[in-house]
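Taking it in order: structure first as structure tokens, then the write-up.
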Amino acid sequence: MRKKTIFKKLVLREIHLKRKVFLPFFRPCIGREEREGVNSVLDSGWIGKGAKTEEFENEVKKYVGSKYAIGTNSCTSALELSLSAAGISREDEVITTPMTFPATANVIVHTGARPVFVDIEKDTLNIDPGKIENAITIKTKAIIPVHFAGYPCRMSEILKIAKKYNLFIIGDAAHAFGSEYYNRKIGSIGDLTCFSFYATKNITTGEGGMVTTNNKKLADKIRLLSLHGISSDAWRRFQGKTYKHWETILPGYKYNMYDIQAAIGLAQLKKIDKFIKIRENYARIYDKAFEDTPEIIIPAMQDQIKHSYHLYVVMFKLEDLTVTRDEIMNILQSSNIGIGVHYRALHLHRFYRKAYGFKRDDFPIAEYVSDRVLSLPLYPKMAKEDVLDAARAVKEIAAKYKKRKIF
Ligand SMILES: *Cc1c(COP(=O)(O)O)cnc(C)c1O
């Protein structure tokens, strides 16, 4: 009997323009300066939190134009310290966007407060200030605007609402180091701003974060909470000639930055403007490549803001295509183009559905966007040719899977 072999038809065919070498979605840009910085800390005899951390805090402060900066071990801990310093606790509500990384809402949950999502704007993918007031109750204590991909939120409207209802503004600026809103750097607007220096972010310390603020009381409290809540850190204790006792003022956390991270950060900070310039140039190359492809919606742009281009996020008009975003994703990945998805709307993740009863249709714009977004590689270590490869591959998919109009 002849054996019948069934060849399962490969649904996702490889595209014509397959790259020979995989283009990673992201690679950090680390040079000689970072290595020398780390070595000098290792050789100094003091590798914990000390002078380098303070130096990095001072440089970040200068760069963003804030009065205070406190280094942390991540943006997540920076957010948690900020909520804690603002006195957020059980029975409170905190407003944020569902189009974000889980950390933004997880930290609200940790305080015992309730995360309240507000839908986003379809063009900037940021929280829609016009919908915030509807979500405010007597329990609302704070708003966490997330500057998605590095595009600043409409802060003047958010500040107005915060003033009217006496709310804290704690910015999640994990994507927005270097972004500007009407000539003011993100980090100098609102009560507190939290940055991430995680490996993939615009500048990195490997892992790390920072809170910036102009409020001395909040700054002092965050500094205290970030290092056990004790009256004097180890570095200061060893500076004096005589031994001084320290004591616990608050039951703090262990969330501080330390000198090896700060040394990398100091070297990275010197390169941030150059990094953003390259990101901008690459974003323009993508924009131009997709100009004549109506199935691909490119990121929003506006004159009054400076976009840090942490991410280059396109949206696919699925109505005009015969493939889903996930299928496009798989074709690109198997064609050696690394991609990312930022984000699948957070209210639809299991924990948030189960704990708070969120469901489909709660935030229609976030859901629409969540099914259609795809982030393309964008980082200084790429070559222009890499950007063109990624753009060509995406365009080829759009052309190949375009719905034919039947009249
Ligand atoms: C990366 C990221 C975080 C978390 O940053 P960590 O430094 O890794 O804690 C928080 N929010 C957003 C929007 C992020 O992209």
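The values are calculated or read from the model by the stated rules, or taken from the named source; none is laboratory data. Just so it is clear, the model here is predicted, and its values are computed rather than measured. With ideal geometry, Cβ positions are generated from the backbone for all residues, glycine too; neighbour counts draw on all protein chains shown. Just the protein is used for accessible areas: all its heavy atoms, side chains included, with ligands, DNA and RNA removed. Shrake-Rupley method; radii C 1.70, N 1.55, O 1.52, S 1.80 Å.
Estimate the FRET efficiency between Asn183 and Phe26 by the formula 1/(1 + (r/R0)^6), using the beta-carbon distance for r and 41 Å for R0, to the nearest 0.05.
FRET efficiency, Asn183 to Phe26: 0.90.
Show the residues, 5+ positions off or on another chain, whose built amide H is closer than 5 Å to the amide H of Val116.
Val94, Ile95, Thr96
Using Cα centres only, tell me the gap between segment 215-235 and segment 305-376 in whole Å.
Each part reduced to its Cα centre gives a spacing of 39 Å.
Hey, can you grab everything whose amide H is under 5 Å from the amide H of Gly209? Only 5+ residues off in sequence or another chain; H modelled, so Pro and N-termini drop out.
Thr72, Asn73, Ser74, Phe197
Students often check this: by mean Cβ neighbours within 10 Å, which of 136-145, 287-296, 184-193 ranks highest, and how do the rest follow?
With the highest mean Cβ count within 10 Å placed first, the list reads 184-193, 136-145, 287-296.
How would Tyr151, Tyr182 rank on accessible area, largest to smallest, probe 1.4 Å?
Of Tyr151, Tyr182, the descending order of accessible area is Tyr182, Tyr151.
Return the carbon/sulfur percentage of the accessible area of segment 39-196, one whole number, probe 1.4 Å, all protein chains in place.
Answer for segment 39-196 is 49 percent, counting heavy atoms of protein chains only.
Can you compute the modelled spin-label distance between Asp371 and Lys405, with each label point 7 Å from Cα toward Cβ, in nm?
2.2 nm
For the chain, with every protein chain kept in place, what is the accessible area per residue (1.4 Å probe, Å²)?
Accessible area per residue: 49 Å².
Count the lysine pairs in segment 222-286 that are 8 or more places apart or on different chains: how many have C-alpha atoms under 30 angstrom apart?
Lysine pairs meeting both conditions in segment 222-286 amount to 4.
With springs connecting C-alpha atoms under 10 Å apart, model the chain as a Gaussian network and identify which of Phe351, Phe25, Phe56 has the largest mean-square fluctuation.
Maximum among the listed residues: Phe351.
Per the helix-only calculation at 222 nm, which mean residue ellipticity applies to the chain, given -39500 (n - 2.57) for every DSSP H run of n ≥ 4 and division by its residues, nearest 500 deg cm²/dmol? Working shown, then result.
Working: 14 runs with 148 residues, N = 407.
It comes out at -11000 deg cm²/dmol, rounded to the nearest 500.
Between Glu396 and Tyr356, what FRET efficiency follows from the Cβ-Cβ distance if R0 is 45 Å, with the result rounded to 0.05?
On the way: r = 41 Å, r/R0 = 0.92.
Taking R0 as 45 Å, the efficiency between Glu396 and Tyr356 is 0.60.
Among the DSSP beta bridges whose two residues both lie in the chain, what percent are antiparallel, rounded to the nearest 5?
Looking only at bridges with both residues in the chain, the antiparallel portion is about 60 percent.
Given the options Gly65, Gly171, Gly240, state which has the largest fluctuation in a GNM of the chain using a 10 Å cut-off (strictly under) for Cα springs.
Answer for the Gaussian network model of the chain: Gly240.
What are the ³J(HN,Hα) couplings of segment 362-374, residue after residue, when phi is run through the Karplus curve with 6.51, -1.76, 1.60 and θ = phi - 60°? Round to Hz, x for glycine and proline.
So the J values, rounded to whole Hz, are 5, 9, x, 6, 4, 6, 4, 5, 4, 7, 10, 7, 8.
Along segment 130-136, what does the Karplus equation 6.51 cos²θ - 1.76 cosθ + 1.60 (θ = phi - 60°) give for ³J(HN,Hα), rounded to whole Hz, x for Gly and Pro?
Each residue of segment 130-136 in turn: x, 10, 6, 4, 4, 8, 7 Hz.
What order, most packed first, do the peptides 254-266, 108-120 have when packing is the mean number of other Cβ atoms within 10 Å of each residue? Numbers along the way, then the final one.
Details: 254-266: 23.5, 108-120: 20.3.
Order by mean packing, descending: 254-266, 108-120.
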